[in-house]
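Since the structure comes first, as structure tokens, the remarks are kept for the end.
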Amino acid sequence: MSRKRRAKKPLAPLSSPGAPTPLLDTIDSPADLKKLTREQLPLLAQELRNEIVRIAAPGGLHLASSLGATDLIVALHYVLNSPRDRIIFDVGHQAYAHKFLTGRRAQMGTVKKEGGLSGFTKVSESPHDAVTVGHASTSLASALGMATARDALGQDYRVAAVIGDGALTGGMALAALNTIGDSGRKMLIVLNDNEMSISENVGAMSQFMRTLQVQKWFQEGEGASKKALSALSKPLSDLMSRAKSSTRHFFDPASINPFAAMGVRYVGPVDGHNIAELVYLIERLGELDGPTILHVVTRKGKGLTYAEEDPIKWHGPSRFDPQTGQSIAAGLPPGDSVPRQSWSAAFGDAVTELSRQDPRVYVITPAMREGSGLVGYSRAHPNRYLDVGIAEDVAVTAAAGMALQGLKPVVAIYSTFLQRAYDQVLHDVAIENLGVVFAVDRGGVVGADGATHNGVFDLSFMRSIPNVRIGLPRTALELRGMLKEALRIGGPVAIRYPRGETTPAPEGTWPELRWGTWERLCACAPGGVTILAGGKALEYAEAAIRDLPGVGLVNARFVKPLDTAMLRELAEGSRALVTAEDNTVVGGFGSAVLEQLSAWGLKTPVRVLGIPDQFQEHASVERVHARSGIDAPAIRTVLAELGVDVPLGV
């Protein structure tokens, strides 16, 4: 669903970039925060926002969401006693103010840098981080578990979950909410309603929340909840009276409150930037038993005009000038004039063009329109585009339904989020060999977002499912060929490409590819060593052998099925094989090669290079690949160990 935007205003400079932070300077922990007066809290929040903009200006950090949640975080820490009380942030990318207030200010310049702080909350980083998280819609289940543990152990602390209206579109969040209501356990659920996740929110629940401008609503208090609220002081009673007559409604005109129907008390909506009101409510609601939803309305990008006006752009901006908001282009490396485009854009261009040729093509995304390069497609083919919100399982099973009825669905999804729909791929798509194409974006290491977002497991878990075919395009041109062929042959197909850039392919160009065939790039000398690699690892392999004639190199662009004819020829003609992949070494491409050689009874030595069997912490993509041993220097080292004459110092 589209949402009208206000006319853009001229970019406004940050009110006080680099301004002194006298209040923040006094805070090393939430205990220090409580020494401030309530009147000082808005000033502290502004100092925090200035600091968040300052650390985000070099690029790569989550900005708009953190600015929008700052006032709420100040209020939560002012009332609750972290780390005894548990504050759980859904996704965690909006929690920069939380990190500033919990003893990590001196390290905030290291967020997402190697050896520095995570861009999300992380249990091993601080006792104030209740959960390690990076995916959406998990906070309510975590809160339920913590509240259950508290009650089972006879302990006494508060549990608060902060979840955005975007994350509430996820089935996991709604299922947890239903169980929370049934359990009756005491907890605070702060619904941070900013009308945005990364892309615009979609679905019935978000539609209810976005219709506040036009409809009147009321809340009929029920049973003990109504009595408990009426027994509180007059200000809260007045708030509830205002809420009943508020024009912001989140349920249908039949007067059924979906939260109340689940057994969860509802309070709100309230201004999420009014810290005094938030503090008062969080204090008072702590006196009530059972679960309560506090519905707060915030604005992503709060405090920066340009971020408020375009929160999608400023969700995770590249480098910008904090005084003006102007982006600072990175530019091409010296001497590099080759045009580039993102892999996501290359996919978006290809599927948009294919959809003009075939009216049965239908694209589905789980709330990642911008990230998956689908803005153009959604505008060109609005009637053949479905955004299911943060519900990857729904995306895949909806695609299965489409395939059963004659459409050709393409699911555009990040590798890390495809993990959340494994059962649907297996059960709903693969068993009946349905024609669903998975455009798997961000395959491989993604870098700064770290362990929660690295897409290094998809080759392994997709390869384990019968009927699934897997391709790794080397270029945007090869991507186009694979996509067209996947739609032609039918069945479940995964086309996996990395984060980063590629050379644009000419419009209208569709190379012919036969699925399951590899490409020999460099011939192997008799009895020499051959490297089999695909995707990003292939780039490293090409660089590694530039001065090594006689080393064979194969674009192993199909992981399933393997090109068994070429593999047997190579295994019998080489003294050793090296496989390289941007995927875990457990169950990936190298494993597939070893399995096939074993089936043939061949004993050709194979060195398997890939991501080690451990979670990779955040760093640049290049650094993670280097420490994982799949970059060009690492490949050269392996070749030397296999007897290749590798010049030193090159």
Give me the 1.4 Å probe accessible area per residue for the range 54-167, excluding ligands and nucleic acids, in Å². 28
Radius of gyration, Dmax [the chain; alpha carbons; angstrom]: 26.7, 89
Taking amide H positions as placed 1.01 Å from N in the peptide plane, with prolines and chain starts having none, which residues 5 or more places from PHE438, or on another chain, fall under 5 Å of its amide H? VAL411, VAL493, ALA494, ILE495
Calculate the dipole size of the range 588-640 relative to its Cα centre from +1 charges on Lys and Arg beta carbons and -1 charges on Asp and Glu beta carbons; express the result in debye to the nearest 20. 220
Given the Cα atoms of the range 530-600, and with Rh set as the inverse mean 1/r over their pairs in the Kirkwood sense, what is Rg to Rh to two decimals? 0.94
Counting only DSSP beta bridges fully inside the chain, the antiparallel percentage to nearest 5 is 15
Averaged per residue, what accessible area in Å² does the range 441-561 show with a 1.4 Å probe, protein chains only? 34
Considering only protein heavy atoms, what is the solvent-accessible area of THR305 at a probe of 1.4 Å, reported in Å² to the nearest 10? 40
Residue span GLU507 to ARG379: 0.36 nm per residue of separation minus Cα-Cα distance leaves a gain in nm of 44.3 nm
Carbon/sulfur fraction of accessible area - the chain, other protein chains in place, 1.4 Å, %: 53
Nearest-20 debye value, the chain charge dipole, Cβ charges on Lys, Arg, Asp, Glu: 980
With GLY471 itself left out, Lys, Arg at +1 and Asp, Glu at -1 over residues whose Cβ is under 9 Å from its Cβ give +2
Label-to-label distance, nm, for residues given as LEU153 and ALA106 (7 Å Cα→Cβ offset): 3.0
Estimate the FRET efficiency between ARG546 and ASN178 by the formula 1/(1 + (r/R0)^6), using the beta-carbon distance for r and 60 Å for R0, to the nearest 0.05. 0.55
When ranked by the protection proxy of mean other Cβ atoms within 10 Å per residue, highest first, what sequence do the peptides 164-174, 423-433 form? 164-174, 423-433
Separation of the range 552-619 and the range 369-420 by C-alpha centroid, Å? 31
Put +1 on the Cβ of every Lys and Arg and -1 on every Asp and Glu Cβ in the range 71-136; which of GLY103, VAL123, PRO83 then has its Cα farthest towards the positive end of the dipole? GLY103
Percent antiparallel among DSSP beta bridges (both partners in the range 458-588, rounded to 5): 30
Arrange the peptides 618-628, 126-136 so that the one whose residues have, on average, the most other Cβ atoms within 10 Å appears first. 126-136, 618-628
Theoretical ellipticity at 222 nm over the chain - DSSP helices of four or more residues, -39500 (n - 2.57) apiece, nearest 500: -10000 deg cm²/dmol
Could you state, as a whole-number percent, how many of the C-alpha pairs of the range 442-536 are farther apart than 19 Å? 52
Relative contact order for the chain, counting Cα pairs under 8 Å that sit 6 or more residues apart, in percent: 12
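The values are calculated or read from the model by the stated rules, or taken from the named source; none is laboratory data. Bear in mind that the values here come from a model prediction, so they are computed numbers and not experimental data. So basically every Cβ, Gly included, is an ideal-geometry build from the backbone, and we count neighbours across all protein chains shown. Remember, those area values only see protein heavy atoms, side chains included, never the ligands or the DNA or RNA. Shrake-Rupley method; radii C 1.70, N 1.55, O 1.52, S 1.80 Å.
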